[in-house]
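Worksheet: one structure, shown below.
The values are calculated or read from the model by the stated rules, or taken from the named source; none is laboratory data. Please read these numbers as outputs of a predicted model, since none were measured by experiment. Note that we place each Cβ from the backbone using ideal geometry, even for glycine, and neighbour counts take in every protein chain shown.
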Amino acid sequence: MAIAAASSSHADETSGIADRVKESVYAGLLTLVLCIPIVLFHAEANQNDGTLELLWRPVAVAVLVVLAFAGRFAVLTFKAAPKRERAVAVAKPASSGLTALLTWGGLGFLLLFPPILVVTLGSSGSLKWIDSYGIQILIYVMLGWGLNIVVGLAGLLDLGYVAFYAVGAYSYTLLATTFHLSFWICLPIAGILAACWGMILGFPVLRLRGDYLAIVTLAFGEIIRTILINWTAFSGGSAGISSIPKITFFGLVFADRPGSFDDFFGMEYSPIHGKVFLYYVILALALLTNLVTLRLRRLPIGRAWEALREDEIACRSLGVNTTNTKLTAFALGAFFGGLAGSFFAVRQGFVSPESFTFNESATILAIVVLGGMGSQIGVALAAVALIGGFEMLRELTFLKAIMAQVFGMDDFDPTQYRGLLFGLAMVVMMVLRPRGFVSTRAPSIFLKERKSVSGDLVKEGHG
Amino acid sequence: MENFLQQLINGITLGSIYGLIAIGYTMVFGIIGMVNFAHGDVFMLSAFIALLAFLFLTKVIGLGFLPVAFIIVLVLGMTLTSVWNWTIERLAYRPLRGSFRLAPLISAIGMSTFLSNFVQVAQGPRNKPVPPMFSQNFQFGPPGHEVTLQYKQIVIVVVTALLLGGFWWLVQKTNLGRAQRACEQDRKMAALIGVDVDRTISITFIIGAALAAVAGSLYLLYYGVVSFSDGFLPGVKAFTAAVLGGIGSLPGAVLGGLMIGLIEVMWAAYFSSDYKDVAAFSILAITLIFMPSGILGRPEIEKV
C-alpha cells in the first residue's frame, strides 16, 4: 500500500514534469504566433523614396520564444514545488526599529546627498547626479505622494493627475512672465489654483463610480492639454513658453554676474550652487507633502478617506459626507501636483504641453501602484527604482554592446523600454501583489500597541 | 448643402470604424463590468498587423490583385489579433476576478501602456505610410456642387455593415450568443445552469478583438498611415461612443459610433478642427456625468 502510494506519487512527479514541458511548449508556440507579425517583420521606410520595406528579425523571435518557454516552465516548477505553510496574515507588532531606521537613515542620506557628492566628485562631476537623479527622482516622489492621497488613501483612480501638474507649471510660468512675480509668491498661488481646478473638475465627477471617475479625469486631463496646445495667445501653443525666470534665494539669482547669490556670499560662480538649492527646495516640498499626508491621516478627514476607500456604502450609511471627503482628497492631491508643477517650470525654464501627456499620468500612477497604494515609503522607493533605475540603465554601455551584437540594434536606448516595463510591471503587480511591494499598513489609530496590518487583511474598494 | 452631404459621408465612414471598436468596449463591460482600457491599443496593434500582412502579401509573395489581398489581410488580422486579445485576457484580466474593484482597470492601463510601447519598440516610432488603395472615387450632384464618394468609403461602410449583420446573428441566434447574454445578465446563475463562464468571457474578448482588427484594417485603408500612438485617441473616442450609446448595449455602440463620427466631422467642418478632440472628450464627460446610462442603456442598479 505504502509502496503503491510512493510509486503513484513518483508517477505524479514524472507526469508533472511532462505536463510542465507540454505547457511550456504551448507557451512557446503561443509566443511564436503572437510574434509572427509584429516582431518577425519590421516595416522600415526606404531611405530613397519613403516606401515601406519588410525586414526580418528571426533571432529576436527565437529569443522571445525561448524566454516564454523557460519562463512558463519556471513558473510551473515554482508552483509545483511543495508549498510551505503560508505565513498567515496576522496583526503582529510593528517592527518600529526597522521602520525608524529606514525613515531617519533615508532622511539623513537625502539631506547629505549633495554635499557628499560635491566633495567626492567635484562640482562638475556631481552636477549630473544632483540634477538628473536627485531632482528628477524627487519630483516624481512628490507627484507620487500627491497622487497617493487621491488613489492610495481615498481610493479614487485619477488618470488626469498630470493636468494639475500642468496647471501648476503654467500658473507659475504665466504669473512670472506677465506680472514678474517671484517664484516664492507664485508657488502657493500655483498650488491654490491647481486645488481650485481640482474642486471645479472634482465637483461634478465625484459621484461617479470608480472606473467612470477614472475615465472622466482622463478626459479632463486631455481637454486641458488640448486647450494648452491650441490656445496659442494664452499658452504659447505647442511651442511652449521659454525663458521662464529662474529661482531666487531671498531675491538673489543664481548667475554669473554681480549681485547674484555667488557674488553676495563672495564665492566663485558655479552652476552647482543653483542645482543644490533646487535640490533642497524639491526635497522640502516633497517632505511637506509627506508630512501633511501623515498628519492628516490621523485627523477625522484622513480616517474618512481610508474608510471611503474600503467601503463607500458603509461610509454613507454611517453619515460620512462622501462628496466633501472625496473633494478634499482631490483638491489636496491637486494642490501638491500644482506645487510640483510650479517647481518643474522653474527648474526646466521651459514648459510645453508635450510634458503633460497621458503617459506622464500613467507613469505617476505606476509609481503609486507599484509602491503599494497608500504606503508612503513604498511610493518613494518605487519612484527611486523606476525613475532612477532607468537613468542608471542608460549608463550601462555594455548593455548597448550586447544589444548591438545580438539583436543588431545599434541605437539601443534603455529608456525606450521604460514604458514597456512600466506597463508590464503594473499588470504583474495587479496579478501577484495587488497591494504593492510595501503592503503592510501602520494603522493611524490604535488601542494599546501599534500593530502593523498585512494588506491581505484589508480589502480595498469593495462597494 | 453639398458640404453638409460630403461631411455626412465622411462622418458615417469614420463612425463605422468607431462603432466596430466600441462593440469591443461595450461587450467586455457588459459581461465583466470592466473598462477595457487596452482595447484602443489592441486596435492599433491590429492596424500594424494588417500593415505587415499587406506588405508581406504584396512585396514578398507578390500578390497584385488588391481585393483578394485586402480580404486575406482582414482574415489574417482578425485571427492574429484575436490570439493577442485572448492571451491578454488570460494573463492580465482573468487572474483578477475577485480582486479589488480597481485592479482590472489598473491592469488594463498597464496593458495599454505595454502594448503601445511594445509596438513602438518593435516597429519604430515613425509613422508608417502605405500606398493608397481603392483610391478611385466618383462624384455626383449638380455641376459646381459635386459630392465626392471615395471607393474606400464604400468598402468601409459595406464591410462594417456585413460584419455587424454577422455579429448580430451570432449574438441573437447561436448558443454562443445566448451563453454570452446569459453571462451578461447574471454570471453566477449562468454558471449554475451549465454555461462555461470563463470560456464565454474568453470568446467575448476574441470577438471584440476580431471586430477591432477589422476596424484597424479599415483605419489603415482610410488614412493610409498608422503610428504606435494611434490607439489612444480612437480608443477614447470609441469608448465615448460606447458610453453615449449606453454601455452594455450592442446597438447602442453602433449608434454611438456613428454619432461620434458625425459629431467629430461636423465639429471639424463647422467650428474648429483644432478642438475636435475636445468635442469628443467633452461628450464623454457630459454623458458620464449627466446621463451615465446613455441613449439605449439600462440604468445601473447598485446591488449591496
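Okay, here's what the table says:
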| item | result |
| --- | --- |
| Helices (runs of 4 or more DSSP H) enclosed by segment A:182-245 - at least 2 residues per element that are surrounded by fewer than 23 Cβ atoms within 10 Å (Cβ to Cβ) and small (Gly, Ala, Ser) | A:232-235 |
| Neighbours by Cβ (under 8 Å, 6+ apart or cross-chain): first from segment A:279-303, more than 21 Å from A:THR248 (Cβ to Cβ); second of a type outside the set (Ser, Thr, Tyr) and assigned to a loop (DSSP other than H, G, I, E, B) | A:ARG298/A:ILE445; A:ARG303/A:ILE445 |
| Any hit, segment A:194-201, residues being free of Cβ contacts under 8 Å to residues at least 24 places away in the same chain and within 14 Å of chain B (Cβ to nearest Cβ) | yes |
| One residue from A:VAL33, A:VAL25 being touching a helix residue (DSSP H, G or I) at 6+ places or on another chain (Cβ under 6 Å), modelled with pLDDT of 85 or more and either over 30 Å from B:ASN85 (Cβ atoms) or surrounded by fewer than 17 Cβ atoms within 10 Å (Cβ to Cβ) (or both) | A:VAL33 |
| When residues of segment B:110-162 are limited to those that are more than 7 Å from chain A (Cβ to nearest Cβ) and charged (D, E, K, R), the one surrounded by the most Cβ atoms within 10 Å (Cβ to Cβ) | B:LYS152 |
| Failed item in (1) within 9 Å of chain B (Cβ to nearest Cβ); (2) modelled with pLDDT of 90 or more, with A:VAL205 passing the rest | (2) |
| Helices (runs of 4 or more DSSP H) wholly inside segment A:280-351 containing at least 1 residues that are more than 14 Å from every other protein chain (Cβ to nearest Cβ) and touching a Lys or Arg at 6+ places or on another chain (Cβ under 8 Å) | A:300-310, A:322-348 |
| Subset tally (residues that are surrounded by 15 or more Cβ atoms within 10 Å (Cβ to Cβ) and among the basic types (Lys, Arg)) for segment A:314-326 | 1 |
| Qualifying residue in segment B:60-83 (condition: under 25 Å from A:GLN416 (Cβ atoms) and at the interface with chain A (Cβ under 7 Å from one of its Cβ atoms)) | yes |
| Flag for A:GLY146 being surrounded by 24 or more Cβ atoms within 10 Å (Cβ to Cβ), assigned to a helix (DSSP H, G or I) and touching a residue at least 60 places away in the same chain (Cβ under 8 Å) | yes |
| Long-range neighbours under 7 Å by Cβ, at least six apart or interchain, first residue in a strand (DSSP E or B) within segment B:145-172, second acidic (Asp, Glu) | B:VAL147/B:GLU2 |
| Subset of segment A:272-313 that is polar (S, T, N, Q) and under 20 Å from A:GLY108 (Cβ atoms) - its residue that is surrounded by the fewest Cβ atoms within 10 Å (Cβ to Cβ) | A:ASN290 |
| Counted residues, segment B:133-172 - those being within 18 Å of B:LEU74 (Cβ to Cβ), at pLDDT below 80 and not aromatic (Phe, Trp, Tyr) | 1 |
| Any chance B:ILE12 is away from every other protein chain (no Cβ under 14 Å) and touching a Cys at 6+ places or on another chain (Cβ under 8 Å) | no |
| Selection count, segment A:53-71, where residues are in contact with a helix residue (DSSP H, G or I) (Cβ under 6 Å, 6 or more places away or on another chain) and part of a strand (DSSP E or B) | 1 |
| Qualifying helices (runs of 4 or more DSSP H) (wholly inside segment B:185-304; at least 2 residues being away from every other protein chain (no Cβ under 13 Å), out of contact with any Ser or Thr (no Cβ under 6 Å at 6 or more places or on another chain) and surrounded by fewer than 24 Cβ atoms within 10 Å (Cβ to Cβ)) | B:187-192, B:197-223, B:250-270 |
| Given (1) facing chain A (nearest Cβ under 7 Å); (2) touching a His at 6+ places or on another chain (Cβ under 9 Å); (3) assigned to a helix (DSSP H, G or I), index of the condition B:ARG101 fails | (3) |
| Pair list, Cβ < 7 Å and 6+ apart or interchain, from segment A:388-402 residues that are under 19 Å from A:GLY134 (Cα atoms) to residues that are of a type in the set (A, V, I, L, M, F, W, C) | A:GLY388/A:ILE137; A:LEU393/A:LEU399 |
